[in-house]
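**Q** This is the structure I have questions about; it appears just below.
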Amino acid sequence: EVDWFSLASILFLLMFAPLIVYYFIMSCDQYQCSLTDPLLDLLTGNKHLSDIWNRTPTLTYRAAGIYSLWVTFQVVLYMSIPDFCHKFLPGYVGGVQEGAVTPAGVVNKYEINGLQAWIITHVLWFANAYCFHFFSPTIIFDNWIPLLWCANILGYAVSTFAMIKGYFFPTNAKDCKFTGNFFYDYMMGIEFNPRIGKWFDFKLFFNGRPGIVAWTLINLSFAAKQQELYGEVTNSMILVNVLQGIYVLDFFWNEAWYLKTIDICHDHFGWYLGWGDCVWLPYLYTLQGLYLVYHPVQLCTAHAIGVFMLGLLGYFIFRMTNHQKDLFRRTNGNCRIWGKKPEYIECSYVSVDGTKYYSKLMTSGFWGWARHFNYTGDLMGSLAYCLACGFEHILPYFYIIYMSILLIHRCIRDEHRCHSKYGKDWKRYTAAVPYRLLPGIF
């Protein structure tokens, strides 16, 4: 059942999330990234909504062509080129991998080749920039708003198709979820793992490609535009490119591990993932680079080093926390965390068919500090991206505000699910690890 608060939240997001993206991008294009000036103009009558809209670049054939080629290229890389990186990169897990067991008992197989797609894409990008010169490295920035309309078209098209598919020709009918509420089903999705054919998985493709592959290309295009406009690339722009590049590379290096995360294991595929991955992710996760095109910031050495160290520390905590959990799960607790055997609480749960199972929840290492300490590292990295932009405008700090809301909400969702699953055992675990994100605080 859909409670009134969930329905109100969903209606709010469906109505206002696209407007939020447009407002941020328009503010940079027309108001030098000021979030207050457009509102002041409207409230004082200096401008009307029609004035702002008429100054907004429209969809162009050029942008439609660029975007169509981009998505098609990523589909080809995803579907047509089996992974070869795992054959020569030690420690990298690629190729055909199995996902988690779905509620209907299905175990899907995935072709993990995101790192390969990222490498091929970026090799071609740099080859063009330095050798072939088929297009300008600033091509993304120069078509940024027309490309936004293309991304919206794809986001809504794939979300609508996924809903229709869930009703009339689902990949696995037993893994469908119908609430009876049109808006909830449209946003949160009906099908658990919608697929076309054997290998094209909607969730894996749209979560990782084309949005995350594009993330670093978008930042590179912003850096190229800064070079074109001012004759240099500032250290703040370099920091944003490097720190976010590390995050993107980590995602693709651990793409097989991603199959075990909440996005793949629990979320159904609807507007939340379809439109979100096409529009929200590439347009709002890259606000720092966009802001630095309009407001180039040259940080003092101490500030730059501090930002870099914060970003690296956040990444280290994020990666090592996830590594500890993965090692603990793979070895069933027969490993060493920080030089000693890990501590844990054994929990039991009963499946739908009445079978009793047992799980182990680690209470040592980083997981003894807080129940979601990997999110803490993620937030530290997010803050570093924002701090690289200085303190003149609030716009680049949207990312840390959004990520805080997103990850705290994920904490609550995850813990609600675990409490329902483990019952009294979950209470024992929360007593042993009382903090969610910040030891001693929250």
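The values are calculated or read from the model by the stated rules, or taken from the named source; none is laboratory data. Remember, it's a predicted structure, so these values are computed and weren't measured experimentally. Quick reminder, even Gly has a Cβ in these numbers, built from the backbone with ideal geometry, and neighbours come from all protein chains shown. Ligands, DNA and RNA are excluded from the accessible area calculation, which covers all protein heavy atoms including side chains. Shrake-Rupley method; radii C 1.70, N 1.55, O 1.52, S 1.80 Å.
**Q** Need one word for the stretch 1-298: rounded, prolate or oblate. Basis is the Cα gyration tensor (sqrt eigenvalues a ≥ b ≥ c); a/c below 1.5 gives rounded, then a/b vs b/c decides.
**A** oblate
**Q** If I model a spin label as a point 7 Å beyond the Cα along the Cα-Cβ vector, how far apart are those points for Phe182 and Val76 in nm?
**A** Using points 7 Å along Cα→Cβ, the separation is 4.0 nm.
**Q** A further question follows. How much accessible area per residue does the chain have, counting only protein heavy atoms and a probe of 1.4 Å, in square angstrom?
**A** Details: 21050 Å² over 442 residues.
Per-residue accessible area for the chain comes out at 48 Å².
**Q** Related question: Using a probe of 1.4 angstrom, how much of the accessible area of the stretch 299-441 is carbon and sulfur, in percent?
**A** Answer for the stretch 299-441 is 62 percent, counting heavy atoms of protein chains only.
**Q** If you don't mind, there's one more thing I want to ask. How much mean residue ellipticity at 222 nm does the chain get from its helices, if each DSSP H run of length 4 or more adds -39500 (n - 2.57) and you divide by all residues, to the nearest 500 deg cm²/dmol?
**A** Rounded to the nearest 500, the figure is -19000 deg cm²/dmol.
**Q** If I ignore ligands, DNA and RNA and count only protein heavy atoms, how much of Met403 is accessible to a 1.4 Å probe, in Å² to the nearest 10?
**A** Approximately 10 Å² of Met403 is accessible to the 1.4 Å probe.
**Q** Moving to a separate point now. For the pair Val242/Thr56, report the inter-label distance in nm, with labels modelled 7 Å from Cα in the Cβ direction.
**A** 3.7
**Q** Whose amide H sits under 5 Å from the amide H of His268, counting only residues 5 or more places off or on another chain, with H placed in the peptide plane?
**A** Excluding prolines and chain starts, which carry no amide H, there are no hits.
**Q** With an 8 Å Cα cut-off and a minimum separation of 6 or more residues, compute the relative contact order for the chain in percent.
**A** Relative CO of the chain lands at 15 percent.
**Q** So, one more: Taking the 0 to 90 degree range and rounding to the nearest ten, how far is the long axis of helix 144-168 tilted relative to the main principal axis of the chain, both from C-alpha atoms?
**A** Rounded to the nearest ten degrees, it is 30.
**Q** Grab the beta carbon distance between His419 and Leu124, set R0 = 45 Å, and tell me the FRET efficiency rounded to 0.05.
**A** Rounded to the nearest 0.05, the efficiency is 0.40.
**Q** Separate question: For the stretch 141-271, what's the relative contact order in percent, using C-alpha pairs closer than 8 Å and at least 6 residues apart?
**A** That works out to 34 percent.
**Q** When only DSSP loop residues count, what trypsin sites (Lys or Arg not before Pro) in the stretch 385-432 have their Cβ near at most 16 other Cβ atoms within 10 Å?
**A** Sparse-neighbourhood loop trypsin sites (Lys or Arg not before Pro): none present.
**Q** While we're looking at this one, here's another question. Say R0 is 41 Å: what FRET efficiency, to the nearest 0.05, do Met320 and His48 get from their beta-carbon distance? Write down the numbers at each step before the final one.
**A** On the way: r = 53 Å, r/R0 = 1.29.
The value I calculate is 0.20.
**Q** Then there is this: Straight-line reach from Lys341: which lysines fall under 22 Å, measuring Cα to Cα and dropping same-chain residues less than 8 apart?
**A** Partners within reach: Lys325, Lys360.
**Q** Could you give the dipole magnitude of the chain about its Cα centre, charging the beta-carbon of Lys and Arg +1 and that of Asp and Glu -1, in debye to the nearest 20?
**A** 1440
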